[in-house]
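Peer 1: My questions all concern the structure below.
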Amino acid sequence: MKTDEIRTRFLDFFKARGHKVIASDSLVPQNDPTLLFTGAGMNQFKDYFLGLKKDLKRAASSQKCLRTGDLDEVGRTAYHHSFFEMLGNFSFGDYFKEEAIQWAWEFLTQELGIPKERLQVSVHVSDDEAYRIWRDKIGVPERWITKLGDKTNFWPSNAPKEGPNGPCGPCSEIYFDQGEDFTKDKHRCSVEHDCGRFAEIWNLVFTQYDRQEGGKLVPLKQKNIDTGMGLERLACVVQGKRTNFEIDLFEPLLKEIERILKIKRSPRALAHLHAIADHVRAVTFAIADGVIPGNEGRNYVIRKLIRRAIWHAYQLRPENPLDEPALFQLVPCVISAMKGGYEDLAGAEKSIEETLKGEEERFLRTLSTGLVLLSERMKNAKEKGRRKLTGEEAFILYDTYGFPDELTRVITEEQGFEIDQEEFNRLMEEQRKRAKGTSPLVQSIFVTSEFDQRLHSEKATTFLGYETHSAKVKVVVSQMEGDRGIVVLDRSPFYAESGGQVGDQGVLCSKDFEARVEDTQKRDVYHLHYVRIVKGRIREGEEVEAKVDSERRNAAMRNHTATHLLHAVLREILGKHVRQLGSLVHPDRLRFDYSFSRPLTEEELLKIEERVNGEILKDTSVQKDTMGFEEAKGEGAIAFFGEKYGENVRVVSVPGVSKELCGGTHCERTGQIGLFVIVSDGSIASGVRRIEALTGGGAIQYVQRLRSQMGAAAEKLKTTPSEVVERIGKLQERMKELEKTGPRAGVQVDPKEALARGIKAGGFLLVTEKLEGASRDDLRRLSDQLRSQAKKTLWLLLSHEEGKIYSLVGLSADLKESKIDARELIRDLAALLGGSGGGRKELAEGGGTHVEVLKKGWPSLVELTKKYLAGKG
């Protein structure tokens, strides 16, 4: 039985028993700031478990999950994953233990046909009710029912003694007996022992207590059922495999890894192959849900997974290490394997590939540099009789050079070294304290308050903002502290921030009361108005007039409609694979993040701007329709992967140009946008770019400002605005002539002496000069002199002046057709020096601010350059 069929059978089974099948939530929790990633099926039902929402009694889902608590185990064991699917059925104050147990047994033994004698169960030591149901109702022999304690059979684990406070309860777990031959330890093996023979396949959680201070367990008025069953592990059992990585979802991926890396499967290679397959699956889904590799929070988790996968690939080819991006080629295979459950994933394929490829390129450079530096540090330590690196050495590799600390740990252990982990942890903690702000994430997913309880006792806020900017409304809930607080209305014309569009501002007022609405946010189905009292006081039940700041709203509408046009035009000009990855719709500006692997040319930017303004000039009517989700998709409306949509959706269309699912506010006609101007386009991550633009009055002011600045520049240059560029070009030519012929101050280096000091590296001559106090012009002048005299030579010139580092890499003219590329080397060096670099193949320049690296790490920079040349010889 294929994994897709198992997933379908599970959902159909519970649908037939009165459960509403709910689509998987995004890996990025939409309304829960307490979580980095969705890690369980119950996460999206938090408000139902808390009794805050009551419109659903039974639900079932197959939830995509991401957990990183046991990354070191992924690949080493049969069942550990970072990304997996969790099947679950849930009851919110409806059925309880007997039905949950009965249906679990029925699904496994009758629907899937697993022999009863291959199943065993565990219950909490205090849960006599569950024990009797298993024994008397289901007929499981007593010898197959094991009573266990708080650690394994209570949720959360050890909650009675350790907390956290909140809803909790005992568990009953179902195990599959893989047979005596599965382990050598036949006599001691049971569900209590980690021998591997008994695979836990389903955990039934009976949420029946409220854990309070001191460990007191108070029975809940609403008892809930929360079950979780790993789809991959269940497929492993049903398909008769020994590990999850042998099921039908993984086998094609493992073969593709072998093909791409040009290796053969072997016992030594399995752990690496399994880890790569797991991590690439996780990264594929996370990027599809809008998580871009970065240095903070969930973005860093994805970067970490990519780097771990690259390191596993690197280790599979020790004689011929990976030096070019390869893992991005696995994305189509992942998408093909998962299309049965996630057909929309295919629309993100190209952007996922580009993002992953860019991240691979960046890390392979970091890896090459880091390995040289780490090897050097271990060599120095060994010469001093040490088998231990200081915490500071490991921290500098991580903090200054971007080399992952877990790789430092793995590599040093392989070489018989250890790290002063205590010192490293102390330095990391100091860095965290220095970092700006603190994470809003907390441990418990059950965070609530009296305000939440009162809020969810009210009906949903009715949004009036599509039709009007003002209305008479009633205050239903308020929470004030001094003159500031939150107000919830029964109806509201204020748009609550969502879909990238910021919340409205305005006024709430009555005869004796006035409050300034400074922001509007959404919590579930409620609009929260953040207010500052101007006069009087707020009273629940009182009628007030709600008035939106119309000028601000209209400016946001112009930017939102322009964002839709921009999205459509980008897909038209750059290709249908371009995907929106984020946006900001603000009254002052718009920001659009999209998937694309290279900078746009000036010609492309002009064409995009021209096409958007062309649609504005047509003054086309903007249509807003409500229809069924499937109908909207059938009409070609763009839905965003990872977003959750109801049965009915709002579709915003500019006929013949754009059609998107969107709940934001929009213009009535495109002509109301007025003018569209792109201010910037730049990279914000591997394979991700950001356009910032202005519309309406903001765009007009921008153009006027540019005209004023151009006029001022023309006046300074004593020419007309139309001839400014030509005038600057002539001045640049004059400056070059002066550099060649005129006297100048600066650092003087004899090029012949510099060449004489050069060293051989990979069949080339390498000239390295560190010039204290030299300017960028000094480096360029020396580079020109070297080029006129050198043959088969590469030069690395560095200096620092007033806290800034200047770097230059140049090639002699005869190396122009060689494999050496000055841009590659300058990027690696600039990254170490805390800056960036670029240029041409034969001449590239960079900068930086890490002066201490230049002072202390000059030999390492030279070694890196030598290694680069050796690889090109």
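The values are calculated or read from the model by the stated rules, or taken from the named source; none is laboratory data. In this text, all values refer to a predicted model and were calculated from it rather than measured experimentally. No Cβ is skipped: glycine too gets one built from the backbone with ideal geometry, and neighbour counts run over all protein chains shown.
Peer 1: Answer with yes or no whether G697 is buried (at least 19 other Cβ atoms within 10 Å of the Cβ) and small (G, A, S). Spell out how you get there, then give the answer.
Peer 2: Details: buried (at least 19 other Cβ atoms within 10 Å of the Cβ): no; small (G, A, S): yes.
So G697 fails the test.
Peer 1: From (1) buried (at least 21 other Cβ atoms within 10 Å of the Cβ); (2) β-branched (V, I, T); (3) within 22 Å of D344 (Cβ to Cβ), pick out the condition that doesn't hold for I638.
Peer 2: For I638, the failing item is (1).
Peer 1: Of all residues being of a type in the set (A, V, I, L, M) and assigned to a helix (DSSP H, G or I) in region 114-133, which is surrounded by the most Cβ atoms within 10 Å (Cβ to Cβ)? Just the residue, please.
Peer 2: Of region 114-133, the ones of a type in the set (A, V, I, L, M) are 114, 119, 121, 123, 125, 130, 133.
Then drop every residue that is not assigned to a helix (DSSP H, G or I), which leaves 130, 133.
Details: A130: 25, I133: 21.
Checking each candidate, the answer is A130.
Peer 1: Out of the residues in region 797-808 that are in contact (Cβ under 8 Å) with a residue 40 or more places away in the chain and not hydroxyl-bearing (S, T, Y), state the one that is surrounded by the most Cβ atoms within 10 Å (Cβ to Cβ).
Peer 2: Step one: of region 797-808, the residues in contact (Cβ under 8 Å) with a residue 40 or more places away in the chain are 798-800, 803-807.
Applying the additional criterion that residues be not hydroxyl-bearing (S, T, Y) yields 798, 800, 803-805.
On the way: L798: 23, H800: 21, G803: 7, K804: 14, I805: 21.
The extreme case among them is L798.
Peer 1: Further question on the same structure: Given the criterion assigned by TED's automatic domain parsing to the domain that holds L605 and closer than 22 Å to N613 by Cα, identify the matching residue among V649, V688, V679. Lay out the reasoning, then the answer.
Peer 2: Working: V649 fails: closer than 22 Å to N613 by Cα; V688 fails: closer than 22 Å to N613 by Cα.
Selected residue: V679, the only one of V649, V688, V679 that is assigned by TED's automatic domain parsing to the domain that holds L605 and closer than 22 Å to N613 by Cα.
Peer 1: Any residue in region 519-527 that is modelled with pLDDT of 95 or more, surrounded by 17 or more Cβ atoms within 10 Å (Cβ to Cβ) and touching a Cys at 6+ places or on another chain (Cβ under 9 Å)?
Peer 2: Within region 519-527 (the criterion being modelled with pLDDT of 95 or more, surrounded by 17 or more Cβ atoms within 10 Å (Cβ to Cβ) and touching a Cys at 6+ places or on another chain (Cβ under 9 Å)), the answer is no, since none of the residues qualifies.
Peer 1: Can you name the residue in region 784-796 that is surrounded by 19 or more Cβ atoms within 10 Å (Cβ to Cβ) and out of contact with any Ser or Thr (no Cβ under 6 Å at 6 or more places or on another chain) and, of all such residues, is nearest to G846 (Cα to Cα)?
Peer 2: Within region 784-796, the first condition is being surrounded by 19 or more Cβ atoms within 10 Å (Cβ to Cβ), and the residues that meet it are 786, 790, 793-796.
From what's left, out of contact with any Ser or Thr (no Cβ under 6 Å at 6 or more places or on another chain): 786, 794-795.
Values: L786: 19, L794: 16, W795: 14 Å.
Out of the qualifying residues, it is W795.
Peer 1: While we're on this one: Say whether the condition of being among the basic types (K, R), touching a residue at least 12 places away in the same chain (Cβ under 8 Å) and touching a Phe, Trp or Tyr at 6+ places or on another chain (Cβ under 9 Å) is met by at least one residue in region 599-609. Working first, answer last.
Peer 2: Going through region 599-609, the residues among the basic types (K, R) turn out to be 607.
From what is left, the residues that are touching a residue at least 12 places away in the same chain (Cβ under 8 Å) are 607.
Of the ones still in play, those that are also touching a Phe, Trp or Tyr at 6+ places or on another chain (Cβ under 9 Å) are none.
Scanning region 599-609, I find no residue that is among the basic types (K, R), touching a residue at least 12 places away in the same chain (Cβ under 8 Å) and touching a Phe, Trp or Tyr at 6+ places or on another chain (Cβ under 9 Å), so the answer is no.
Peer 1: Ok, one more. From the list I302, I310, I292, I335, which residue is assigned to a loop (DSSP other than H, G, I, E, B) and either modelled with pLDDT of 85 or more or within 29 Å of A637 (Cβ to Cβ) (or both)?
Peer 2: Just a single option satisfies the conditions, and that option is I292.
Peer 1: Would you mind stating whether K137 is basic (K, R), outside any helix (DSSP H, G or I) and either in the same structural domain as W105 (by TED's automatic domain parsing) or surrounded by 16 or more Cβ atoms within 10 Å (Cβ to Cβ) (or both)? Reasoning before the result, please.
Peer 2: Working: basic (K, R): yes; outside any helix (DSSP H, G or I): no; either in the same structural domain as W105 (by TED's automatic domain parsing) or surrounded by 16 or more Cβ atoms within 10 Å (Cβ to Cβ) (or both): yes.
No.
Peer 1: Moving to a separate point now. Scan region 14-34 for residues that are within 21 Å of the chain's Cα centre (by Cα), crowded, with 18+ Cβ neighbours inside 10 Å and not small (G, A, S) and report the count. Can you show your working first?
Peer 2: Within region 14-34, the subset within 21 Å of the chain's Cα centre (by Cα) is 23-34.
Now narrow it down to the ones that are crowded, with 18+ Cβ neighbours inside 10 Å: 24-27, 29.
Filter once more, keeping what is not small (G, A, S): 25, 27, 29.
Counting residues in region 14-34 that are within 21 Å of the chain's Cα centre (by Cα), crowded, with 18+ Cβ neighbours inside 10 Å and not small (G, A, S) gives 3.
Peer 1: Can you tell me which residues in region 455-506 are of a type in the set (V, I, T) and assigned to a loop (DSSP other than H, G, I, E, B)? Full working, then the answer.
Peer 2: Residues of region 455-506 of a type in the set (V, I, T): 461-462, 468, 473, 475-477, 486-488, 502.
The answer is T461, T468, V502.
Peer 1: From the list I276, I292, I310, exactly one residue is of a type in the set (V, I, T), buried (at least 18 other Cβ atoms within 10 Å of the Cβ), touching a residue at least 40 places away in the same chain (Cβ under 8 Å) and under 24 Å from Q580 (Cβ atoms). Which is it? It would help to see each step written out before you state the result.
Peer 2: Values: I276 fails: under 24 Å from Q580 (Cβ atoms); I310 fails: under 24 Å from Q580 (Cβ atoms).
None of the others qualify; the one that does is I292.
Peer 1: Being more than 20 Å from F83 (Cα to Cα) and assigned to a loop (DSSP other than H, G, I, E, B) is the filter here; which residues of region 1-32 pass it?
Peer 2: If the condition is that a residue be more than 20 Å from F83 (Cα to Cα) and assigned to a loop (DSSP other than H, G, I, E, B), then M1, A16, R17, G18, H19, N31 are the ones that fit.
Peer 1: Right, next: When R377 is evaluated against the numbered criteria (1) assigned to a helix (DSSP H, G or I); (2) at pLDDT below 85, which criterion, by number, is the only one it fails?
Peer 2: Unmet for R377, out of (1) assigned to a helix (DSSP H, G or I); (2) at pLDDT below 85: (2).
Peer 1: Now, a different point. Hey, could you check region 63-77 for residues that are of a type outside the set (A, V, I, L, M, F, W, C) and out of contact with any Ser or Thr (no Cβ under 6 Å at 6 or more places or on another chain) and say which is surrounded by the most Cβ atoms within 10 Å (Cβ to Cβ)?
Peer 2: Filtering region 63-77 down to residues of a type outside the set (A, V, I, L, M, F, W, C) leaves 63-64, 67-70, 72-73, 75-77.
With out of contact with any Ser or Thr (no Cβ under 6 Å at 6 or more places or on another chain) added as a condition, the list becomes 67, 69-70, 72-73, 75-77.
Working: R67: 18, G69: 9, D70: 12, D72: 13, E73: 13, G75: 21, R76: 12, T77: 16.
Among them, the one singled out is G75.
Peer 1: Looking at Y175 and the list (1) over 33 Å from the mean Cα position of the chain (by Cα); (2) part of a loop (DSSP other than H, G, I, E, B), which single condition is not satisfied?
Peer 2: For Y175, the exception is condition (2).
Peer 1: State all residues of region 1-29 that are of a type outside the set (K, R) and touching a helix residue (DSSP H, G or I) at 6+ places or on another chain (Cβ under 8 Å); if no residue qualifies, say none.
Peer 2: Answer for region 1-29, where residues must be of a type outside the set (K, R) and touching a helix residue (DSSP H, G or I) at 6+ places or on another chain (Cβ under 8 Å): M1, T3, I6, F10, F13, F14, V21, I22, D25, L27, V28, P29.
Peer 1: Restricting attention to region 642-676, report how many residues are touching a residue at least 60 places away in the same chain (Cβ under 8 Å) and under 17 Å from S583 (Cβ atoms). Don't jump to the end; show me each part of the working.
Peer 2: Let us first name the residues in region 642-676 that are touching a residue at least 60 places away in the same chain (Cβ under 8 Å), namely 642-644, 652, 654, 657-658, 660, 662-667, 670, 672-676.
Imposing the further condition that a residue be under 17 Å from S583 (Cβ atoms) reduces the set to 642-643, 652, 654, 658, 660, 662-667, 673, 676.
Within region 642-676, residues that are touching a residue at least 60 places away in the same chain (Cβ under 8 Å) and under 17 Å from S583 (Cβ atoms) number 14.
Peer 1: Further, regarding this structure: With the condition kept exactly as written, say whether any residue in region 502-516 is of a type in the set (S, T, Y), outside the structural domain of F640 (by TED's automatic domain parsing), touching a residue at least 12 places away in the same chain (Cβ under 8 Å) and within 29 Å of D593 (Cα to Cα). Can you show your working first?
Peer 2: Restricting attention to region 502-516, the residues satisfying the condition of being of a type in the set (S, T, Y) are 510.
So of that shortlist, the ones also outside the structural domain of F640 (by TED's automatic domain parsing) come out as 510.
The next check asks that each one be touching a residue at least 12 places away in the same chain (Cβ under 8 Å); those that pass are 510.
Narrowing the set further to residues that are within 29 Å of D593 (Cα to Cα) leaves none.
Checked region 502-516: no residue is of a type in the set (S, T, Y), outside the structural domain of F640 (by TED's automatic domain parsing), touching a residue at least 12 places away in the same chain (Cβ under 8 Å) and within 29 Å of D593 (Cα to Cα).
Peer 1: To continue, here is another question. Answer yes if at least one residue in region 413-431 is outside any helix (DSSP H, G or I) and modelled with pLDDT under 80, and no otherwise. Quick ask: steps written out before the conclusion?
Peer 2: Within region 413-431, the subset outside any helix (DSSP H, G or I) is 415-420.
With modelled with pLDDT under 80 added as a condition, the list becomes none.
No; the residues of region 413-431 include none that is outside any helix (DSSP H, G or I) and modelled with pLDDT under 80.
Peer 1: Would you confirm, using the coordinates I've provided, whether L273 is within 28 Å of the chain's Cα centre (by Cα), hydrophobic (A, V, I, L, M, F, W, C) and not in a helix (DSSP H, G or I)?
Peer 2: Numbers: within 28 Å of the chain's Cα centre (by Cα): yes; hydrophobic (A, V, I, L, M, F, W, C): yes; not in a helix (DSSP H, G or I): no.
Against the criterion (within 28 Å of the chain's Cα centre (by Cα), hydrophobic (A, V, I, L, M, F, W, C) and not in a helix (DSSP H, G or I)), L273 does not qualify.
Peer 1: Check whether at least one residue in region 9-30 is at pLDDT below 85 and of a type in the set (K, R), and report yes or no.
Peer 2: Looking through region 9-30, none of the residues is at pLDDT below 85 and of a type in the set (K, R).
Peer 1: Right, another one. Quickly run through region 661-689 and pick out the residues that are closer than 26 Å to V283 by Cα and buried (at least 18 other Cβ atoms within 10 Å of the Cβ).
Peer 2: Kept after step one, since they are closer than 26 Å to V283 by Cα, are these residues of region 661-689: 661, 681-689.
Of everything in region 661-689, those that are closer than 26 Å to V283 by Cα and buried (at least 18 other Cβ atoms within 10 Å of the Cβ) turn out to be L661, D681, A685, S686, G687, V688, R689.
Peer 1: Here's another thing I want to ask about it. Looking at region 156-176 only, could you name the residues that are touching a residue at least 24 places away in the same chain (Cβ under 8 Å), of a type outside the set (D, E, K, R) and surrounded by fewer than 22 Cβ atoms within 10 Å (Cβ to Cβ)? Break it down into steps so the answer makes sense when it comes.
Peer 2: First, the residues of region 156-176 that are touching a residue at least 24 places away in the same chain (Cβ under 8 Å): 159-161, 163-176.
Next, from what is left, pick out any that are of a type outside the set (D, E, K, R): 159-160, 163-172, 174-176.
Result: A159, P160, G163, P164, N165, G166, Y175.
Peer 1: Could you tell me whether any residue of region 700-714 is within 30 Å of G628 (Cα to Cα), outside the structural domain of R787 (by TED's automatic domain parsing) and not aromatic (F, W, Y)? Explain how you work it out, then say what you get.
Peer 2: Filtering region 700-714 down to residues within 30 Å of G628 (Cα to Cα) leaves none.
The answer is no; no qualifying residue exists.
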